[in-house]
Amino acid sequence: MNMMKTQCPFCSVQCKITLNYKESAAASTLPSSMPQTDRRHTSWQAEGTPNAASQGRICVKGMNAHQHAMNRERLMFPLVRRNGHLVRATWAEALDRISSHFQSAARQYGTDSIGVYGGGSLTNETAYLLGKFARIGLKTKYIDYNGRFCMSAAASAGSKVFGLDRGMTCRLEDIPLAHCIILAGTNIAECQPTLLPYFNEARANGARMIVIDPRKTATAAIADLHLQIRPGTDAILALALLNIIIENGWIDTSFIHNRTNGYDELTSLLDGIDTEEVAELCGIPSEQIRQAASWYGQAATGIILTARGVEQQTDGHLAVRYLINLVLATGKIGRPGCGYGAVTGQGNGQGGREHGQKADQLPGYRSIENPADREYIASVWQVDPDEIPGKGVSAYEMMELANRQEIRTLFVMGSNPVVSNPNIPLVRSALENLDMLVVADMFLSETARMADVVLPVTSYLENTGTLTNLEGRVLLREAASPAPGEAQDDWRILCELAARLGRGHYFDYREVEEIFDELRIASRGGTADYYGITYERLRQEEGVHWPCPTPEHQGVPLMFAERFAHEDGKALFTGIAHHAIRPQRSPEYPLILTNGRVLSHYLTGVQTRRSASLAARELENFVEIHPLTARQHHLQNGEWTEIQSAHGRFFVRCRISDQIRPDTLFVPMHWGGTQNVNEATPPELDPYCKMPGFKVTAVAIRPVRAGIVQMHYQPPVSI
């Protein structure tokens, strides 16, 4: 029996895995040079490896992650489009075609005619290098990434309130110490199931658990109180909870006085907040709101965790800040059993947003608009500060620019924007209008099928790099297997392209560790300071929390024990007025559509749909609908439906369930084509963070004949 030591590529827990495998006699006769993906006579078994985050647990996705890495559909060599078809090419031909086009596009239309689109599952090294490549290799200001759709509301809220964005201000080990836990818009049991034992332990210790969610999820089912609110009402609910806590005196006046600013402004914010009116808006009993406020307000310790249910709304930024108001008003932060956390979705959703993939950021969470930050990063990159372009735009706004042909070339690495963006009809049009689309991926995703050049990249089993989990713990994932076929590490591709563009001297790395060492220096002194973290430390300590300013520093697992990251050391209450979301429901569009995840799939399903074990659990997309609503709209269980908004339509099967509100529909986000929920998602963005409103769309639903539904899946392209 042989084994590989690796790390799960999926959610933000980043569980460590031991992958055991045994080759049959047939497999052992294959040439040793044959890639592991071709060893089809090998049996595999994954088991959790003890580590601080998951304590040795893995979920069904981690157990089967190796299946996609070894799938026959893996891209093994570059593809270029000839006569309308993607055909095999050499690396030299593919890279020469890309670099030649980049240079001609820059000459003809300017460097800002090129856009770069990254992903939240890239390693820290690749995320860092992608930002540097965009700004120094291509000299474009247009770079953003799919994490904009994941963490931007919570990240921007944390930066405003605390002066720093780190997913969790507390440790996972603090969860069992909390007397009250509020889970707002997060379904831990299905999205991060290896964390569930922490919450079970808390409940065994007597903690009260409150879940805020329009659906009775597996997480809501174990809660002491489920606030099954109408989608889009999280912000007004948070204000009502705060109002009750203040009225009853369940506040920490000493903490407010000594460690915060802006408390007095809350008075005007809370004027006119009436619990009964809020209950009616939220669609829940007012007694439940009072009970939740009482439990959290009077608890000696408490933790609030948010996720996409709250954050993926056009008021997600303020909704998160209002929930953090509860934390500050009761002083439940900076001590054991207390804190606020945003449960990151993507594998490197935390690290991926720290080091330069975002439109407004430089490494270490520095601001691209701050002259001192620009000067420091310029010194690390050995360029003049004026050579670093200015601020770009968010991920979806890049699609709008492409649709107007202001961006004419797009380089996509580790993302699938034609499925994950809102307003898919516009996004599809934008990608079709490009002069060149380049995609680097493991599979021929829905976006890659539209590309002019496709570059094959290594999987989690073959690519060394660091990732930062939901609690700010930096982990090292080392390559466990050789790359199949001609697949290349993503960072090597960037270096090769930079060399062809005449910028290779800025990207002269022989090993990925050299990139990390430069990242350490680039982050030094920033809010996300990795300087004290080294590969050697990560091998020995199995993870170090940032900030870690020196090699001797132990890192900071529990944030804000003594001071916050603002210059005066104080946190900031949010007194900004809020205008509640009012989904424009009408007789034409009478229902609210919300989306989310299911246990067996991840993001747009590009990887998990290539795992036979995971795909078998959910073969196709569905809409969850209440029995009363199904009868009203003449729908039968398992029947094909058409769901339409003012922006588009898609087709999914009906799944009748009494676990959802009668006024709400739920559709998973993991499928493309005609089953893509984002065909109907509107383009409106949160004004503070540019998060789309994935969770609140007014729609209509009707039955359709199965024969008119075009299935999303297409067979692999023959090469």
Query raised in the report: open to solvent by less than 20 Å² (accessible area, probe 1.4 Å), under 27 Å from residue 195 (Cα atoms), of a type outside the set (D, E, K, R) and within 31 Å of the chain's Cα centre (by Cα) - does that describe any residue in the stretch 257-273?
Result: no
Query - Cross-chain or 6+ apart pairs with Cβ under 9 Å, the stretch 360-371 first and within 12 Å of residue 526 (Cβ to Cβ), then polar (S, T, N, Q) and open to solvent by 20 Å² or more (accessible area, probe 1.4 Å) - result: 361/367; 362/370; 364/527; 365/159; 365/527; 366/527
Query raised in the report: When residues of the stretch 107-161 are filtered for being assigned to a helix (DSSP H, G or I) and in contact with a Ser or Thr (Cβ under 7 Å, 6 or more places away or on another chain), how many remain?
Result: 11
Requested in this report: Consider only pairs whose beta carbons are under 7 Å apart and that are at least six residues apart or on different chains; among these, list those whose first residue lies in the stretch 72-99 and is farther than 13 Å from residue 449 by Cα and in contact (Cβ under 8 Å) with a residue 60 or more places away in the chain and whose second residue is surrounded by fewer than 16 Cβ atoms within 10 Å (Cβ to Cβ) and of a type in the set (A, V, I, L, M).
Outcome: 88/719
Requested in this report: Taking residue 586 as meeting all but one of (1) outside any helix (DSSP H, G or I); (2) farther than 29 Å from residue 157 by Cα; (3) in contact with a Leu (Cβ under 8 Å, 6 or more places away or on another chain); (4) not hydrophobic (A, V, I, L, M, F, W, C), write down the number of the exception.
Outcome: (3)
**Report entry** Residue list for the stretch 691-711, restricted to those being modelled with pLDDT of 95 or more and open to solvent by 40 Å² or more (accessible area, probe 1.4 Å)
**Finding:** 702, 703
Query - Residue in the stretch 4-22 that is more than 35 Å from the chain's Cα centre (by Cα) and either open to solvent by less than 10 Å² (accessible area, probe 1.4 Å) or at pLDDT below 90 (or both) present - result: no
Report task. Hey, can you tell me all the residues within the stretch 75-106 that are of a type in the set (Lys, Arg) and in contact with an Asp or Glu (Cβ under 6 Å, 6 or more places away or on another chain)? Result -> 81
Query raised in the report: Which of the residues that make up the stretch 437-465 are outside any loop (DSSP other than H, G, I, E, B), within 30 Å of residue 510 (Cβ to Cβ) and either in contact with a Lys or Arg (Cβ under 8 Å, 6 or more places away or on another chain) or not hydrophobic (A, V, I, L, M, F, W, C) (or both)?
Result: 441, 453, 456, 465
Requested in this report: Name, by its number, the condition in (1) more than 28 Å from the chain's Cα centre (by Cα); (2) assigned to a helix (DSSP H, G or I); (3) closer than 21 Å to residue 334 by Cα that does not hold for residue 251.
Outcome: (2)
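Just checking, which of 670, 634, 626 is open to solvent by 40 Å² or more (accessible area, probe 1.4 Å) and at pLDDT 95 or above?
Details: 670 fails: open to solvent by 40 Å² or more (accessible area, probe 1.4 Å); 626 fails: open to solvent by 40 Å² or more (accessible area, probe 1.4 Å).
On inspection, the qualifying residue turns out to be 634.
Which of the following residues is touching a residue at least 12 places away in the same chain (Cβ under 8 Å), within 30 Å of residue 539 (Cβ to Cβ) and touching a Ser or Thr at 6+ places or on another chain (Cβ under 9 Å): 437, 470? Even if it seems obvious, please write down each step before you answer.
Working: 437 fails: within 30 Å of residue 539 (Cβ to Cβ).
Of the residues listed, the single one that is touching a residue at least 12 places away in the same chain (Cβ under 8 Å), within 30 Å of residue 539 (Cβ to Cβ) and touching a Ser or Thr at 6+ places or on another chain (Cβ under 9 Å) is 470.
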Report task. Go over the candidates 122, 172, 129 one by one and state the one that is open to solvent by 10 Å² or more (accessible area, probe 1.4 Å) and within 25 Å of residue 531 (Cα to Cα). Result -> 122
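The values are calculated or read from the model by the stated rules, or taken from the named source; none is laboratory data. This one's a predicted model, so the numbers in the text were calculated from it and none came from an experiment. For neighbour counting, all protein chains shown are included, and Cβ atoms are generated from backbone atoms with ideal geometry for every residue, glycine included. Protein only, heavy atoms only, side chains kept; ligands, DNA and RNA dropped before computing areas. Shrake-Rupley method; radii C 1.70, N 1.55, O 1.52, S 1.80 Å.
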